[in-house]
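Quick notes on the structure that follows.
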Amino acid sequence: MSRKEALSSFIQQIHARPVVVKLNSGVDYRGVLACLDGYMNIALEQTEEYVNGQLKNKFGDAFIRGNNVLYISTQKRRY
Amino acid sequence: MSMPVSSSTLLPLELVDKCIGSRIHIIMKNDKEIVGTLLGFDDFVNMLLEDVTEYRNYSRRQANNKIRSDFAQWK
C-alpha cells in the first residue's frame, strides 16, 4: 500500500542526474544530484541558482538543508 | 483506546491511497496549487507526482468560494 517503493525507486533513478530543487522560498537550484539523505538534505554539483526564473549564481558544489526543500524534480535539459 | 473502524468509514490516508494513479490537486498553505498524477507516497506523505503543473498565486478568494460552494452541497 501507498507505493512507497515508487519514491525509493525515483530517488535511485535521479542519483547523479540533473535535477531541479525548489525551496519553500521559491528559489530554484539546478544541478547534478550528488547526494540525498533521509532528511532530504541535498548535495548538488554544477549548481545554478534561479531567483524568479533568472540565473543569479553559480556554485561548484552546494549543500541544501532538507527542511527548505519543497520538491525535487527531474530536469530534461541542462542550462 | 482506538475507535473501531467500520468498513463504511474511510481513513484519510486510505483516501489518498485510492488516489494513486489519478490526477490530484494539492492545495498548499500559500495560495499555491500543484496538479499531477500521484504515483506514490510515504509515511510523511511525501508524494511522487508525474506530469506536474504548479500554479502560483492561486487566488485565495477563488479557493474560498470553491470550499463554500462544496460545503453548501453538504447541507
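Derivation of every value follows stated rules applied to the coordinates shown; laboratory data play no part. Note that this is a predicted model, so its numbers are computed, not measured. Here the Cβ positions follow ideal geometry from the backbone for every residue, glycine too, while neighbour counts run over all protein chains shown.
In terms of packing, defined here as the mean over residues of other Cβ atoms within 10 angstrom, the peptides A:26-36, B:47-57 line up highest first as A:26-36, B:47-57. Listed values for segment A:22-28 are Karplus-derived 3J(HN,Hα) couplings in whole Hz (6.51 cos²θ - 1.76 cosθ + 1.60, θ = phi - 60°), namely 9, 9, 4, 6, x, 6, 9, and x replaces Gly and Pro.
Given the pairs A:LYS76/B:LYS29; A:LYS58/B:LYS32; A:LYS22/A:LYS76; A:LYS76/B:LYS18, which span a C-alpha to C-alpha distance of over 23 angstrom in this model? Walk me through the numbers on the way to the answer.
Working: A:LYS76/B:LYS29 28 Å; A:LYS58/B:LYS32 27 Å; A:LYS22/A:LYS76 15 Å; A:LYS76/B:LYS18 30 Å.
Over 23 Å apart, Cα to Cα: A:LYS76/B:LYS29; A:LYS58/B:LYS32; A:LYS76/B:LYS18.
Each label was represented as a point 7 Å from its Cα along the Cα-to-Cβ direction; for A:ARG17 and A:LYS58 these points are 2.5 nm apart.
Rg/Rh for segment A:6-79 to two decimals, with Rh computed the Kirkwood way over all alpha-carbon pairs.
Working: Rg = 11.2 Å, Rh = 12.1 Å.
Checking Rg against Rh, the ratio lands at 0.93.
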